[in-house]
1. Quick one: dipole size for the chain, taken about the Cα centre, charges +1 on Lys/Arg Cβ and -1 on Asp/Glu Cβ, in debye to the nearest 20.
2. Set the Förster distance to 35 Å, then compute FRET efficiency between Lys79 and Glu50 from the Cβ-Cβ distance, nearest 0.05.
3. Give the share of C-alpha pairs in each 10 angstrom bin for the chain, from 0 to the last occupied bin, in whole percents, shortest bins first.
4. Can you give the calculated 222 nm mean residue ellipticity of the chain, where each DSSP H run of n ≥ 4 adds -39,500 (n - 2.57) and the sum is split over every residue, rounded to the nearest 500 deg cm²/dmol?
5. Percent relative contact order of the chain, based on C-alpha pairs within less than 8 angstrom and at least six residues apart?
6. Checking the a/c ratio against 1.5 first, then a/b against b/c, what shape does the Cα gyration tensor give for segment 41-101?
7. Among the GluC sites (Glu not before Pro) within segment 54-112, which fall in a DSSP loop and have no more than 13 other Cβ atoms within 10 Å of their own Cβ?
8. With unit charges on the beta carbon (Lys/Arg positive, Asp/Glu negative), name the residue among Thr95, Val59, Val70 whose Cα is farthest towards the positive pole of the charge dipole of the chain.
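Taken together, the values in this text are just the output of simple stated rules run on the coordinates, not laboratory data. Keep in mind it's a predicted model, so treat the numbers as computed, not measured. Using ideal geometry, Cβ is built from the backbone for each residue, glycine included, and neighbour counts are taken over all protein chains shown.
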Amino acid sequence: MKKIEAIIRPHLLDAVKSALQETGIVGMTVTEVKGFGRQKGHTETYRGTEYQVEFLPKVKVEVAVADGIVQPVVDAIVKTGRTGKFGDGKIFITTLVDVVRIRTGERGESAL
């Protein structure tokens, strides 16, 4: 089992969510986050004053998946989350040792 964390642009969340549902994902966690990468923020003007925005708003989508569907899930995120510009985000894939469904006590892939 793997945990896939994708940091994406907020306005692309609906497209990514739909693409993930098409791959068979039935649950996900979405968190509003802030961060920066190579684009190092940007400058904005508010009431005539310029200021540096160092942390840009992003969305983190987390899904736990069986090993067999990792690549289709990653492909779906890349296809719908890519604009081709700096700030498109990253995908992190980590191994899950175990998963437990609290309601039933199921473990492993059956708990996904």
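1. 200
2. Taking R0 as 35 Å, the efficiency between Lys79 and Glu50 is 0.45.
3. Histogram of Cα-Cα distances, whole percents per bin: 13, 39, 28, 13, 5, 1.
4. Using -39500 (n - 2.57) per qualifying helix, the result is -6000 deg cm²/dmol.
5. Normalised by residue count, the contact order of the chain is 42 percent.
6. Details: a/c = 4.34, a/b = 2.36, b/c = 1.84.
Prolate, because a/c is 1.5 or more and a/b exceeds b/c.
7. On the way: sites: Glu54, Glu62, Glu106, Glu109; in loops: Glu54, Glu106.
The qualifying sites are Glu54, Glu106.
8. The residue sitting most towards the positive pole is Val59.
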